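The values are calculated or read from the model by the stated rules, or taken from the named source; none is laboratory data. Predicted model, so just to flag it, every value in this text is computed and none were measured. Here Cβ is always computed from backbone atoms with ideal geometry, including for glycine, and neighbour counts include all displayed protein chains.
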Amino acid sequence: MMCTTTYALIMGQRHDLIPPVRGRALLRLMCLLLCLGWLWMSLPEATAAVFTPEDVGRVRQVNDAAISPDGRWIAYTVTRQRPATDQAGGNYTELHVINRATGESRPFVTGEVNVSAVQWRPDSRRITFLSSRGDKAKTQVWAIPVDGGEAVALTHAPENIRDYLWHPAGRRLFYVAAAPPSPREMALQKKGYDFVYYEEDFRHNNLYRQTVNVDGPAGEAEPLTENITVVDMALDASGQQMLLQFIEKNLVDYRYMFKKMALLDLATGQRRLIWDDPRKLGRAELSPDGRRVAFTAARDIRDHAVSQVYVMPLDGGEPRNLTPPDFLGHLERMTWRDDETLLVLAGEGVWNTLSTMPAGGGDRTVIFDGRTTGLVVHFPSFATDFKCFVMIGETPEIPGDIFLWQPGGEPQRLTELNPWLKEKNLGRQEVIRYRARDGLEIEGLLVYPVDYQPGTRYPLVVTVHGGPEAHYSNGWLNRYLNPAQVLAGKGYLVFHPNYRSSTGYGVERVMSTYADPAGTEFDDVADGITYLIDQGLADEQRVGLGGGSYGGYAAAWFSSYYTRLVRAVCMFVGISNVASKRGTTDIPYEELYVHSGEKLEKMWRLSLERSPVYYAHQSKTAVLILGGTEDTRVHPSQSFEYYRRLKMNDHPAVRLVQYPGEGHGNRRQPGRIDVLYRTLQWYDWYVRDRKPLDGPMPPLNISDRYGLDLPAE
């Protein structure tokens, strides 16, 4: 009866309409049905169920979330990649709103839009955001009623607004925008006299104050600063004084290393400097009573990332470091819960935590731990009563959704942006630990092939993160430069090492790599490869490695110095010559203070010996070099240098592809799509299939994979 029913279901018929059969005929039918049933069940698993390159572009993620002050509504943005057929550009980002009482989510601003910086007007009746509408329109502050209606522009600034903040009374807002060019400057530009005066012709980003009438014309914007660039701002609860972070030159290097803090009296316009200490500086906020400032910052000028939490009285006292001694993590962001308590987000290994900390010093209390919840979360938004938190959460299976969490309870998932992922057969992702050659324990994430069978060795792809002031968390690891689940679906192991200069493991571990580029940190990666081979997981003859920026540096290093370990690399916006990189980057002081420690004149020899170009002649690794033509962080000349050194040493398998108009990472979808498919092609050709390095390279033209309707050749 079971076989007959199966046959009927397959044929779309009722089993009671099938005529009876006897003897051998029944036996043959049963065998046939069992085979058909087995094929029916196995085909989806073998083909359509894996995560594909096309799926990378389908993923939607929450990018920002804010709960209304009264706790009734949650505004959030959803980001999606432009389709391949759209005009080249960045991702689309839409605005959606959840009604907490009903759980219903409604789209508010959707389509081909880009919404950012979502905030609530203090009365909880309107959502505000940054957006531009129309060709060549400037980015303005817009407002839309939560109970329905059209969005209206609250500002009409002549230049793009970069950030904004509401006054607590809700009748004024403050925004940051570049000073507009003078009529003389505009006339010179029009006539072609628009010369570039390198690092001297910048325009400052000024702070403006504007009275807002949501039902009528806006007031005139009043400039509150000049001759400085405002980077960040925060108000006290009374709205009488503002905390400014600013830089004296509008250069990215100054944003990294030379931010200062000042108090601005909004009644008199007087500004008082309260912090002038070169080091990396994170968020800063005034206590509700306006008596203290809390901020995150590096421990000192050599610390390469924000890692500590400080509280400083505004009456002239010294800042106090609240970070626990020997803390094995990085305190990344904080806010005031009340006048005496801070809420702090920390990266601790591949997880993160939320804690409360007494502002006067004392033990922190962990209130949310990713290890127990299984969630990697962004910094939360919370209602004024501190009883309800809204978080963007992710897991190895969830790219990023809205979660509601009340202390003492379990996180409640409110959105499911990618229900189709349930139909995908994803590779298992787990945390692994191994010992480096000097005995230090290194942590990382390993994604197994979808069809993993114990005892089988698989081709391995190692993805090295950039920075190095960053780390992998145990969340969603599938983007155009790191398609972990696509690789898992194609039968690869995918390894993500948190080498010793990664954040999330304490400042002391990071400082062990100070002034030691490509030293023990990349030895950790090499030791991870050896560990996976020794464990019987990876095939030592089929190893690939890739990454961007500092991860691109690792790719170049492993294709030269460690060429014996890897068969192919994908180097994206990577470093090849440490010495020349220092002379062409837009962050030379950041590089000097937090990485090298000495000026180049004292480090010529070390810089040469830690440069992949120095070892290019010995490369036995297929090298794919990728990058943008407008990269100011790692200049395109780094790609040119490495390509030329390899070619001049008769390397048979090296290719350089550039993306016009792109900077340090591809913002527009054509470059993202090409990087995704080209790196997969490179790994398949040289790692999985082990094509000979001295044979033909993969096809150069891969436009048939872009998803475009193109004319025939």
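In this structure, is Ala117 surrounded by fewer than 21 Cβ atoms within 10 Å (Cβ to Cβ), among the small types (Gly, Ala, Ser), modelled with pLDDT of 95 or more and not in a loop (DSSP other than H, G, I, E, B)?
Yes, satisfied.
Of the numbered conditions (1) out of contact with any helix residue (DSSP H, G or I) (no Cβ under 8 Å at 6 or more places or on another chain); (2) assigned to a loop (DSSP other than H, G, I, E, B); (3) surrounded by 16 or more Cβ atoms within 10 Å (Cβ to Cβ); (4) not polar (S, T, N, Q), Gly408 fails exactly one; give the number of that condition.
(3)
Quick one: which helices (runs of 4 or more DSSP H) lie wholly within segment 495-572 and hold at least 2 residues that are within 30 Å of Pro698 (Cα to Cα) and out of contact with any Leu (no Cβ under 6 Å at 6 or more places or on another chain)? Break it down into steps so the answer makes sense when it comes.
On the way: elements: 507-511, 520-534, 550-558.
So the answer is 520-534, 550-558.
Which of the numbered conditions does Ala143 fail, given that it passes all the others? Conditions: (1) closer than 30 Å to Tyr254 by Cα; (2) in a strand (DSSP E or B).
Checking Ala143 against (1) closer than 30 Å to Tyr254 by Cα; (2) in a strand (DSSP E or B), the one that fails is (1).
Output the residues belonging to segment 352-379 that are among the polar types (S, T, N, Q), over 13 Å from Thr341 (Cα atoms) and without any contact (Cβ under 8 Å) to a residue 40 or more places away in the chain.
Within segment 352-379, Thr353, Thr372, Thr373 meet the criteria.
Looking only at segment 432-485, how many residues end up being farther than 18 Å from Ala526 by Cβ, in contact with a strand residue (DSSP E or B) (Cβ under 6 Å, 6 or more places away or on another chain) and part of a strand (DSSP E or B)?
3
Would you call Arg299 touching a residue at least 24 places away in the same chain (Cβ under 8 Å) and more than 18 Å from Arg337 (Cβ to Cβ)?
Judged against the criteria, Arg299 is a match.
In segment 694-713, what residues are of a type in the set (Ser, Thr, Tyr) and either in a loop (DSSP other than H, G, I, E, B) or in contact (Cβ under 8 Å) with a residue 60 or more places away in the chain (or both)?
If the condition is that a residue be of a type in the set (Ser, Thr, Tyr) and either in a loop (DSSP other than H, G, I, E, B) or in contact (Cβ under 8 Å) with a residue 60 or more places away in the chain (or both), then Tyr706 is the only one that fits.
Residue under question is Phe379, and the condition is that it be within 26 Å of Ile432 (Cβ to Cβ) and not in a strand (DSSP E or B); does it hold?
Taking the combined requirement at face value, the residue does not satisfy it.
Do we have Pro636 as more than 25 Å from the chain's Cα centre (by Cα), in the same structural domain as Leu680 (by TED's automatic domain parsing) and touching a residue at least 12 places away in the same chain (Cβ under 8 Å) here?
Taking the combined requirement at face value, the residue does not satisfy it.
Which residue, of Glu441, Glu410, is under 25 Å from Thr373 (Cβ atoms), acidic (Asp, Glu), more than 22 Å from the chain's Cα centre (by Cα) and in the same structural domain as Gly504 (by TED's automatic domain parsing)?
Glu441
Per-residue answers, yes or no, for (1) crowded, with 24+ Cβ neighbours inside 10 Å; (2) out of contact with any strand residue (DSSP E or B) (no Cβ under 8 Å at 6 or more places or on another chain):
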residue: Ser502; (1), (2): yes, yes
residue: Val510; (1), (2): yes, yes
residue: Gly519; (1), (2): no, yes
residue: Tyr531; (1), (2): no, no
residue: Gln541; (1), (2): no, yes
residue: Gly544; (1), (2): yes, no
residue: Gly548; (1), (2): yes, no
residue: Ala555; (1), (2): yes, no
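When segment 54-80 is examined, which residues are found to be out of contact with any Pro (no Cβ under 7 Å at 6 or more places or on another chain), closer than 30 Å to Asp704 by Cβ and surrounded by fewer than 20 Cβ atoms within 10 Å (Cβ to Cβ)?
Glu54, Asp55, Gly57, Arg58, Arg60, Arg80
Considering only segment 276-295, state which residues are touching a residue at least 40 places away in the same chain (Cβ under 8 Å), under 29 Å from the mean Cα position of the chain (by Cα) and part of a strand (DSSP E or B).
Gly282, Arg283, Ala284, Glu285, Leu286, Val293, Ala294
May I ask you to verify whether Gly347 is of a type in the set (Gly, Ala, Ser) and assigned to a loop (DSSP other than H, G, I, E, B)?
no
Under 7 Å between Cβ atoms, at least 6 apart or on separate chains: pull out the pairs that start in segment 87-113 with a residue that is outside any strand (DSSP E or B) and end on any residue that is at pLDDT 95 or above and among the small types (Gly, Ala, Ser).
Here the result reads Val113/Ser131, each pair linking segment 87-113 to a residue that is at pLDDT 95 or above and among the small types (Gly, Ala, Ser).
Among the residues of segment 259-287, what is the count of those that are farther than 12 Å from Leu243 by Cβ and hydroxyl-bearing (Ser, Thr, Tyr)?
Qualifying residue count for the region: 1.
I'm checking my understanding of the structure. Among residues of segment 469-512 that are touching a His at 6+ places or on another chain (Cβ under 9 Å) and β-branched (Val, Ile, Thr), which one is farthest from Phe558 (Cα to Cα)?
Val507
Taking the stated definitions as given, is Leu592 in a helix (DSSP H, G or I) and either assigned by TED's automatic domain parsing to the domain that holds Arg672 or surrounded by fewer than 23 Cβ atoms within 10 Å (Cβ to Cβ) (or both)? Let's see the steps before the verdict.
Numbers: in a helix (DSSP H, G or I): yes; either assigned by TED's automatic domain parsing to the domain that holds Arg672 or surrounded by fewer than 23 Cβ atoms within 10 Å (Cβ to Cβ) (or both): yes.
Yes.
Do we find that Ser607 is of a type in the set (S, T, N, Q), in the same structural domain as Ile673 (by TED's automatic domain parsing), under 25 Å from Pro692 (Cβ atoms) and in contact (Cβ under 8 Å) with a residue 24 or more places away in the chain in this structure?
So Ser607 does not fit the description; no.
Pick from Arg582, Arg564: which is farther than 27 Å from Asp300 by Cα and of a type in the set (D, E, K, R)?
Arg564
Here are some conditions: (1) under 30 Å from Asn227 (Cα atoms); (2) among the acidic types (Asp, Glu); (3) without any contact (Cβ under 8 Å) to a residue 24 or more places away in the chain. Asp163 meets all but one. Which one does it not meet?
Among (1) under 30 Å from Asn227 (Cα atoms); (2) among the acidic types (Asp, Glu); (3) without any contact (Cβ under 8 Å) to a residue 24 or more places away in the chain, the lone unmet condition for Asp163 is (3).
Looking only at segment 661-691, filter to residues that are charged (D, E, K, R) and in a helix (DSSP H, G or I); which one of those is farthest from Thr632 (Cα to Cα)? Quick ask: steps written out before the conclusion?
Of segment 661-691, the ones charged (D, E, K, R) are 662, 667-668, 672, 674, 678, 684, 688-691.
Applying the additional criterion that residues be in a helix (DSSP H, G or I) yields 672, 674, 678, 684, 688.
Details: Arg672: 19, Asp674: 21, Arg678: 23, Asp684: 31, Arg688: 34 Å.
Once the filter is applied, the top-ranked residue is Arg688.
Condition check: under 30 Å from Gly103 (Cα atoms) and either surrounded by fewer than 21 Cβ atoms within 10 Å (Cβ to Cβ) or not assigned by TED's automatic domain parsing to the domain that holds Ala488 (or both). Does Glu394 satisfy that? Full working, then the answer.
On the way: under 30 Å from Gly103 (Cα atoms): yes; either surrounded by fewer than 21 Cβ atoms within 10 Å (Cβ to Cβ) or not assigned by TED's automatic domain parsing to the domain that holds Ala488 (or both): yes.
Taking the combined requirement at face value, the residue satisfies it.
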